[in-house]
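Note sheet for the following structure.
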Number of protein chains: 2
Amino acid sequence: MNTPRRTTIYDVATEAGVAASTVSRTFGNPRRVNATTREHVLRVAERLGYRPNPLATALQSGHKATIAMLVPDITNPHFFGTIRGAERRASEAGVTFILGNTEESAANERNQIERLDHSVDGFVLAASRMSDETTVGIAQSHNLALVNREVDGLPGVVVDTGPGSWQIVEHLASLGHRSIVYLSGPHQSWLANERWKALRAAAERRGLSVGRLGPFPPRVSGGGAAADAALVSGATALVAHNDLLAIGVLRRLSERGVAVPGRVSVVGYDDIFGADLCVPALTTLAGPEDEAGRVAVELLLRKGSLSTAHPAPQRVVLPTHLVIRDSTGPRRAETPAGSGRAPARRPGRGSGDTGTARAPARSRLGHPGRGSPSAERP
Amino acid sequence: MNTPRRTTIYDVATEAGVAASTVSRTFGNPRRVNATTREHVLRVAERLGYRPNPLATALQSGHKATIAMLVPDITNPHFFGTIRGAERRASEAGVTFILGNTEESAANERNQIERLDHSVDGFVLAASRMSDETTVGIAQSHNLALVNREVDGLPGVVVDTGPGSWQIVEHLASLGHRSIVYLSGPHQSWLANERWKALRAAAERRGLSVGRLGPFPPRVSGGGAAADAALVSGATALVAHNDLLAIGVLRRLSERGVAVPGRVSVVGYDDIFGADLCVPALTTLAGPEDEAGRVAVELLLRKGSLSTAHPAPQRVVLPTHLVIRDSTGPRRAETPAGSGRAPARRPGRGSGDTGTARAPARSRLGHPGRGSPSAERP
DNA sequence: ACGGTCGTGGCAAGCGATTGCCAAAAGTTG
DNA sequence: CAACTTTTGGCAATCGCTTGCCACGACCGT
């Protein structure tokens, strides 16, 4: 509170009987100062409780040891993984971590970048809403690393939507589904489009019919409209833009008495916390979001250190995998028995018995191993 | 990337034909400069795309317009609410927001504070793990606002555990439970102790027997041991330190075939995302975590502005409320029928049928309205 | 007409580091 | 031992902005 004037290099210098520059070099450029002197200086600094002032350092050297991460919606659990991965990596590197929320707005995103411009070494832009042009423009004067967004020459990391969507389609196809509908996220979302494109391609290759509905807000609350629209479409497999939306869809379907997976199957993206808690537990495409965060920071850090052309990967793609749970099952058959699939019913954990009037009672066929909770998510 | 030398007050000053100090005052102390001059300067600044450099400002004036929030475990959904509340408020105030993870370690917490010391105006310490003495010590030279932690003279905000725990006890008592066990979180956690004390007091007042087990890691993974220990204790009502732990307990109980709420009831704290998704949906004490984050930042901001004794509340207590869902029910009766409680079974949404061997089949008594999903949580 | 307030704007000294340049000291070499 | 290279440490300028202090002119009252 009160300001007892913190100790500076000058204090240390005086006390140690050397010049301030020597103290500075002791910290910033140790090989430039004699080992014994250095020892001495360090000792004195220690004794005086000296801490370098990052602001002064930054002002002079331009090296701020700080990065900022901007996310469209800090409220969305989807980003939590990325955020924590990024924070971890930054922290490991001794870099301070600024978190900003852009409220799904490109303008807001620009503003934040503007504001933080002087204060950070670079930005991690998660699911950036800005246009390609804008982004490229900004990249000319700023250090950027993109997460789940691709822009020509810019470094970034994405979770691999292509193969992921392919896995989803294969899974659904193998369950006998012939018609898929994609419940889309925001249209400015690169990821939403990417997912749609990949899904469509995969479906077409497989000869399934596929449609897109939306956009829907990528939140639980978007699920109502999405579910209703999907039901009208007649598709038997619904692929939601993310788990939040999928959970909303599940809710709405349950309200409307539509059996899942008896009548329709539902798939999400992200495998957020809670995806294995809902009923039925959600089949979803899991991506290493933490890893994405880490890698993005890594890219930023790397770029900063070696300015000249560095053959390091500027573009990393992270693998996804499909986590199959209870919200997907065989396409509804007309025969009452043996058509549906119930998860292995272990004592005490119920998750079946989903459909009632409309869904035929289902026998215990199916894939007994599938109902198990996903990996621990603390 | 390349550095085209950003425009400074000097550029603006030259261009506008005034002194640099005038430019500075135009921004920092507008009433000190003539309206027309100011207009002119602003126009020029605008044209040149001038942005003040916060680092230089901070270096000179000590005003950094930046705060940091430290949380013990960035991985824990419990904190997300607080984090986003804090980020929002900071953002509204034009204050940049640094997020740090302390990995549940007091030492780490100190270090972070040390490191960020020069860079921020103050710290929001969420569920700080540091001792009272250490905290007080730090508070002498730093601006602090505590969340869910109370230390004598320090400003802070807590969610109201006392009445909250009382509500829990009342609820359980009214369901006929006579014996409660508290599954404790980390012992350094002030909150964990606070909850325990309040719970014990409430239980004793009500004449219920109450015990404490633990500590358990406040994560889903801690639930296994917690559940097992609780079963041995013979209590019929388990109150877990937080929802994560409660969810873990639910899992374990389900694995062991123990009916919830048929055989035991389970209550959590926090009402995190997912608490209403699990099976059975968790009864839990909801607190306004977002609000807590906001208020903490508010306190910090307030303190900074008016240095002299300000009668503003330095200590705010936020109300909690019990969200009753499906994990609590009447104490198990010996009669097979009518003892347990199944949520209203609406078509298409299954959630009952939890117990098997040990739990008697349950009829449709109980509180039909209770199974509904909680308020929207995006 | 003269001294006194005010309102404005400029000068210059920092804030706490970094760093280019230089000189003294030390070590090398023929 | 002279000439030369390498270490090592000091000087002082600089980063971009804030702010105490001063000066100048306009306006005021008497």
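The values are calculated or read from the model by the stated rules, or taken from the named source; none is laboratory data. Quantities reported herein were computed from a predicted structural model and do not represent experimental measurements. Using ideal geometry, Cβ is built from the backbone for each residue, glycine included, and neighbour counts are taken over all protein chains shown.
Can you spot a residue in the stretch A:217-227 that is among the small types (Gly, Ala, Ser) and not in a helix (DSSP H, G or I)?
The initial filter retains those residues of the stretch A:217-227 that are among the small types (Gly, Ala, Ser), namely A:221-227.
Now narrow it down to the ones that are not in a helix (DSSP H, G or I): none.
No, the conditions are met nowhere in the stretch A:217-227.
Kindly provide the set of residues from the stretch A:251-275 that are more than 8 Å from chain B (Cβ to nearest Cβ) and surrounded by fewer than 24 Cβ atoms within 10 Å (Cβ to Cβ), ordered by number.
Step one: of the stretch A:251-275, the residues more than 8 Å from chain B (Cβ to nearest Cβ) are A:252, A:261-272, A:275.
Listed by number, the residues that qualify are A:Arg252, A:Arg263.
Any residue that is over 18 Å from A:Gly81 (Cα atoms), assigned by TED's automatic domain parsing to the domain that holds B:Glu298, assigned to a helix (DSSP H, G or I) and of a type in the set (D, E, K, R) - is there at least one of those in the stretch B:72-87?
no
Being without any contact (Cβ under 8 Å) to a residue 40 or more places away in the chain and farther than 28 Å from B:Asp73 by Cα narrows it down to one of B:Ala225, B:Ala203, B:Ala259, so name that one. Spell out how you get there, then give the answer.
Working: B:Ala225 fails: farther than 28 Å from B:Asp73 by Cα; B:Ala259 fails: without any contact (Cβ under 8 Å) to a residue 40 or more places away in the chain.
Just a single option satisfies the conditions, and that option is B:Ala203.
Within the stretch A:90-135, can you find the residues that are away from chain B (no Cβ under 12 Å) and not in a loop (DSSP other than H, G, I, E, B)?
Once the filter is applied, which keeps residues that are away from chain B (no Cβ under 12 Å) and not in a loop (DSSP other than H, G, I, E, B), the stretch A:90-135 yields A:Ala106, A:Ala107, A:Glu109, A:Arg110, A:Phe123, A:Val124, A:Leu125, A:Ala126, A:Asp132, A:Glu133, A:Thr134, A:Thr135.
State which residue pairs qualify: first residue within 9 Å of another protein chain (Cβ to nearest Cβ) and more than 18 Å from A:Asp121 (Cα to Cα) and inside the stretch A:34-58, second residue charged (D, E, K, R) and more than 7 Å from DNA strand C (Cβ to nearest atom) in any location, beta carbons under 9 Å apart, and separation of 6 or more residues or different chains.
These pairs meet every condition: A:Arg51/B:Glu114; A:Arg51/B:Arg115; A:Arg51/B:Asp117.
Given the condition within 16 Å of DNA strand C (Cβ to nearest atom) and modelled with pLDDT under 95, answer yes or no: does some residue in the stretch B:89-107 qualify? Walk me through it before giving the result.
Step one: list which residues in the stretch B:89-107 are within 16 Å of DNA strand C (Cβ to nearest atom), which gives none.
Checking the stretch B:89-107: not a single residue is within 16 Å of DNA strand C (Cβ to nearest atom) and modelled with pLDDT under 95.
State whether the residues of the stretch A:170-190 include one that is over 10 Å from A:His241 (Cβ atoms), touching a Phe, Trp or Tyr at 6+ places or on another chain (Cβ under 9 Å) and either assigned to a helix (DSSP H, G or I) or in the same structural domain as A:Met130 (by TED's automatic domain parsing) (or both). Explain how you work it out, then say what you get.
The initial filter retains those residues of the stretch A:170-190 that are over 10 Å from A:His241 (Cβ atoms), namely A:170-181, A:187-188, A:190.
This time we only want the ones that are touching a Phe, Trp or Tyr at 6+ places or on another chain (Cβ under 9 Å), so: none.
No, every residue in the stretch A:170-190 fails to be over 10 Å from A:His241 (Cβ atoms), touching a Phe, Trp or Tyr at 6+ places or on another chain (Cβ under 9 Å) and either assigned to a helix (DSSP H, G or I) or in the same structural domain as A:Met130 (by TED's automatic domain parsing) (or both).
What are the pairs with Cβ atoms under 8 angstrom where one residue, in the stretch A:13-25, is within 14 Å of another protein chain (Cβ to nearest Cβ) and the other, located anywhere, is within 12 Å of DNA strand C (Cβ to nearest atom)? Sequence gap at least six, or different chains.
Partner pairs satisfying both residue conditions: none exist.
Among the numbered conditions (1) near DNA strand D (Cβ under 10 Å from one of its atoms); (2) crowded, with 23+ Cβ neighbours inside 10 Å, tell me where B:Ala86 comes up short.
It is condition (1) that B:Ala86 fails.
Those residues that are over 30 Å from B:Ala139 (Cβ atoms), modelled with pLDDT of 90 or more and of a type outside the set (Ser, Thr, Tyr), I need them from the stretch A:1-33; list them, please.
Residues satisfying the conditions are A:Ala13, A:Ala16, A:Gly17, A:Val18, A:Ala19, A:Ala20, A:Arg25.
Do we find a residue being at the interface with chain A (Cβ under 8 Å from one of its Cβ atoms) and within 14 Å of DNA strand D (Cβ to nearest atom) anywhere in the stretch B:63-73?
The answer is yes, given that some residue of the stretch B:63-73 is at the interface with chain A (Cβ under 8 Å from one of its Cβ atoms) and within 14 Å of DNA strand D (Cβ to nearest atom).
Residue by residue through the stretch B:136-146, note down the ones that are assigned to a helix (DSSP H, G or I) and surrounded by fewer than 19 Cβ atoms within 10 Å (Cβ to Cβ).
The first filter runs over the stretch B:136-146 and keeps only residues assigned to a helix (DSSP H, G or I), leaving B:136-141.
Selection gives B:Val136, B:Gly137, B:Gln140, B:Ser141.
Just to confirm my filter: which helices (runs of 4 or more DSSP H) fall fully inside the stretch A:1-66 and include at least 2 residues that are surrounded by 15 or more Cβ atoms within 10 Å (Cβ to Cβ) and near DNA strand C (Cβ under 7 Å from one of its atoms)?
On the way: elements: A:9-16, A:20-28, A:35-48, A:54-61.
Passing ranges, in order: A:20-28, A:54-61.
Any idea how many residues of the stretch A:231-249 are within 9 Å of another protein chain (Cβ to nearest Cβ) and in contact (Cβ under 8 Å) with a residue 40 or more places away in the chain?
The qualifying residues number 1.
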